[in-house]
Amino acid sequence: KSDRELHHFVTGELRFRILQIVLQHTEQFPTEREISQFLPRDALEDVAARLQELVDEKIVRPVTLAESKRREGYPHTFYGVTDYGWRFLISHNLLDSDRSVLRW
């Protein structure tokens, strides 16, 4: 995708809100379930699909716990912004305190 296409893609309403949620988790990466809890009007399938699109475009990355670190009944995959994603967000002025942009 061109920069312009990627900018349009990233700022799509649901993808943009997902990124806001990921960025607001400053202490740790959120799980897909945590992300979807902040988006109650959106179907879990829609959240999962948009999250996967962000992963496919290398804006977000999944971090999966090693088998030995997993506990039954607890999540083992978390999501964070990639280095490329950070550079893209910063270079396109998408990080700011204004409501129309993501928060750091």
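The values are calculated or read from the model by the stated rules, or taken from the named source; none is laboratory data. Computed from a predicted structure; not experimentally measured. Virtual Cβ from ideal backbone geometry, glycine too; neighbours counted across all protein chains shown. Accessible surface areas use protein heavy atoms only, side chains included; no ligands, DNA or RNA. Shrake-Rupley method; radii C 1.70, N 1.55, O 1.52, S 1.80 Å.
Okay, here's what the table says:
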| item | result |
| --- | --- |
| Search result, residues across segment 24-60 that are at pLDDT 90 or above, out of contact with any helix residue (DSSP H, G or I) (no Cβ under 8 Å at 6 or more places or on another chain) and either farther than 16 Å from V81 by Cβ or not hydroxyl-bearing (S, T, Y) (or both) | A49, Q52, V55, D56 |
| Subset of segment 9-55 (residues that are of a type in the set (D, E, K, R) and either at positive phi or open to solvent by 90 Å² or more (accessible area, probe 1.4 Å) (or both)) | E13, E27, R33, R41, E45 |
| Residue tally, condition modelled with pLDDT of 90 or more and not aliphatic (A, V, I, L, M), over segment 61-77 | 4 |
| Matching residues in segment 47-67 - criterion: being in a strand (DSSP E or B) and not hydrophobic (A, V, I, L, M, F, W, C) | R61, P62, T64 |
| Residue within segment 87-104 that is in contact (Cβ under 8 Å) with a residue 40 or more places away in the chain and part of a helix (DSSP H, G or I) present | yes |
| The one condition in (1) buried (at least 16 other Cβ atoms within 10 Å of the Cβ); (2) modelled with pLDDT under 90 that K1 fails to fulfil | (1) |
| Residues (more than 12 Å from I18 (Cβ to Cβ) and not in a helix (DSSP H, G or I)) located in segment 30-46 | T31, P40, R41, A43 |
| Set I59, I21: member being under 17 Å from L89 (Cβ atoms), under 13 Å from the mean Cα position of the chain (by Cα) and without any contact (Cβ under 8 Å) to a residue 24 or more places away in the chain | I21 |
